[in-house]
Amino acid sequence: MKLNIEKTYGFVSKEAVNAFKNKADEAQKMLVEGTGAGADFLGWLNLPEDIMPQLADIKATAELLRNNCDIIVCIGIGGSYLGAKAVIEALSNSFEWLQEGAPKIVYAGQNISEDYLYELQQLLQDKRFGIICISKSGTTTEPALAFRLLKTQLEQQQGKTAAKQLIVCITDKARGALRTLATKEGYKTFVIEDNIGGRFSVLSPVGLLPIACAGFDINLLIQGAQHMQKVCGIDTPFEENPAAQYAAVRNALYNSGKKTELLVNFHPKLHYIAEWWKQLYGESEGKDHKGIFPAAVDFTTDLHSMGQYIQDGERHLFETVISVAQPQKKVLFPYDEENLDGLNFLAGKRVDEVNKMAELGTMLAHVDGGVPNIKIEIEKLDEYCLGELIYFFCRACGISGYLLDVNPFNQPGVEAYKKNMFALLNKPGYEKESAAIKEKLGKA
Ligand code: PA5
């Protein structure tokens, strides 16, 4: 993985980036020594090493589900599903019904749409399916609701005893309704450690079990992460440390008025990597009324929709492009005798060459238009490179949050909607909030 920040220097000076050196070194120390805000949530930092003893159990459990299921439903929301989905989508065939030898992975508990759940129930009707239910707290409404529905369906289809073998829960080691239920029913479980927050949990069983169920090599993923842990470690000087450099340049850009970061890809398979990244950075930095707004675009698709704004709208944007050096497949553009479409100048070229020129042309146009550009190049879309990318983003996020003087590891802002929802649903224990919200709505 290579980071290139040269195309930001027309907008922020090298001095402005290097001005973060001492603070970035300090942030690295705070992460490693656990002396900064949110130090109780640093379990992800050494996860690439710490997870090793669990890999065999994760793989064996995945094998069991793979052998017995045509569909595996991964239940979870936010940090409890986005990382797995990001990696699975990035590695899967774009037309997933063509994916050979792997059960289909579908998702639930990431919304409360009745239509979605109805259609999922229809899909699972009379199918061999299994469930991985992931909730650290074990009390989140969306996954709990989906789990009750799908567990009931599985038990009706398979009988209670057989269903038990097809359910795996990933949750807190002792607390929460999901732990209580799993213990009572005797489900296979994995633990989400107290010191790992959802958005930093991809390299724990939360991400690894679904990824292994989809048939991908979690050892390689972890090897990539281990390599990146060394590259981004405290011993790598600021000037050569990609995580520290990325954290510094984005904070320098933020201070210069570039308040929105667009994560850009030129491969649709990376769409969910961007969704995961949005959560990672949005939830880690968006607090105390500050923080870069993380947004994402899929190019060249969105150049035909958002391209106008990016080129020419308000100048508060910068772009971070994930560039993939080598596509995994090969398509040559054919020669056509008649050349009615005028495209013979491309004959014999790989499609990726066209994509790369679109990427280069876009970067030049956007930089000319006032949008600074950061480039993150990965070699290819495989497990190893994704492991590198995931660890890189996590490490940079911790540093960047400390540069911004926020606690990157809490998320106090996500509670407000839940309180209102429970009050509106008359949840027992929310009587006071219920009365207050009804009065506010004029329904008292
Ligand atoms: O990153 C986070 O902490 C959140 O996105 C949580 O993962 C999400 O809210 C789900 O919580 P839980 O795993 O407790 O069900």
| Answer residue from the stretch 184-213, given it is outside any helix (DSSP H, G or I) and under 18 Å from the mean Cα position of the chain (by Cα) and is nearest to the ligand (Cβ to nearest atom) among those | 197
| Selection within the stretch 64-101 - within 16 Å of the ligand (Cβ to nearest atom) and in contact with a strand residue (DSSP E or B) (Cβ under 7 Å, 6 or more places away or on another chain) | 73, 74, 75, 76, 80, 81, 84, 85
| query | Could you list, in sequence order, the residues of the stretch 324-360 that are open to solvent by 90 Å² or more (accessible area, probe 1.4 Å) and more than 37 Å from the chain's Cα centre (by Cα)? | reply | 335, 337, 338, 340, 341, 345
| query | Quick one: would you say residue 38 is touching a residue at least 12 places away in the same chain (Cβ under 8 Å), surrounded by 15 or more Cβ atoms within 10 Å (Cβ to Cβ) and on the phi > 0 side of the Ramachandran plot? | reply | yes
| Does residue 321 count as surrounded by 12 or more Cβ atoms within 10 Å (Cβ to Cβ), in a helix (DSSP H, G or I) and at pLDDT 95 or above? | no
| task | Only residues that are within 23 Å of residue 77 (Cβ to Cβ) and assigned to a loop (DSSP other than H, G, I, E, B): list them for the stretch 414-442, please. | result | 425, 426, 427, 428, 429, 430
| query | Of all residues in the stretch 400-412 being open to solvent by less than 70 Å² (accessible area, probe 1.4 Å) and not in a loop (DSSP other than H, G, I, E, B), which is nearest to the ligand (Cβ to nearest atom)? | reply | 401
| message | For the structure I just gave you, tell me whether residue 33 is touching a helix residue (DSSP H, G or I) at 6+ places or on another chain (Cβ under 8 Å), modelled with pLDDT of 95 or more, open to solvent by 10 Å² or more (accessible area, probe 1.4 Å) and not polar (S, T, N, Q). | response | no
| task | Of the numbered conditions (1) under 30 Å from residue 311 (Cβ atoms); (2) open to solvent by less than 80 Å² (accessible area, probe 1.4 Å); (3) touching a helix residue (DSSP H, G or I) at 6+ places or on another chain (Cβ under 7 Å), residue 379 fails exactly one; give the number of that condition. | result | (2)
| query | modelled with pLDDT of 95 or more and open to solvent by less than 10 Å² (accessible area, probe 1.4 Å) - does that describe any residue in the stretch 419-430? | reply | no
| query | (1) more than 16 Å from the ligand (Cβ to nearest atom); (2) under 24 Å from residue 271 (Cβ atoms): which one isn't true of residue 393, the others all being true? | reply | (1)
| Every residue from the stretch 223-261 that is of a type outside the set (Gly, Ala, Ser) and in contact with a Phe, Trp or Tyr (Cβ under 7 Å, 6 or more places away or on another chain) | 223, 228, 229, 232, 242, 251, 253, 258, 259, 260, 261
| field | Boolean, residue 49 is open to solvent by 70 Å² or more (accessible area, probe 1.4 Å), assigned to a helix (DSSP H, G or I) and in contact (Cβ under 8 Å) with a residue 12 or more places away in the chain | value | yes
| request: State whether one or more residues within the stretch 171-178 are open to solvent by 40 Å² or more (accessible area, probe 1.4 Å) and under 21 Å from the mean Cα position of the chain (by Cα). | output: no
| Just for the stretch 85-101: of the residues that are without any contact (Cβ under 8 Å) to a residue 40 or more places away in the chain and in a helix (DSSP H, G or I), which one is surrounded by the most Cβ atoms within 10 Å (Cβ to Cβ)? | 96
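The values are calculated or read from the model by the stated rules, or taken from the named source; none is laboratory data. Just so you know, these numbers come straight off a predicted model, no measurement behind them. Cβ atoms come from the backbone with ideal geometry, glycine included; neighbour counts cover every protein chain shown. These area figures cover heavy atoms from the full protein model, side chains too; ligands, DNA and RNA do not enter into them. Shrake-Rupley method; radii C 1.70, N 1.55, O 1.52, S 1.80 Å.
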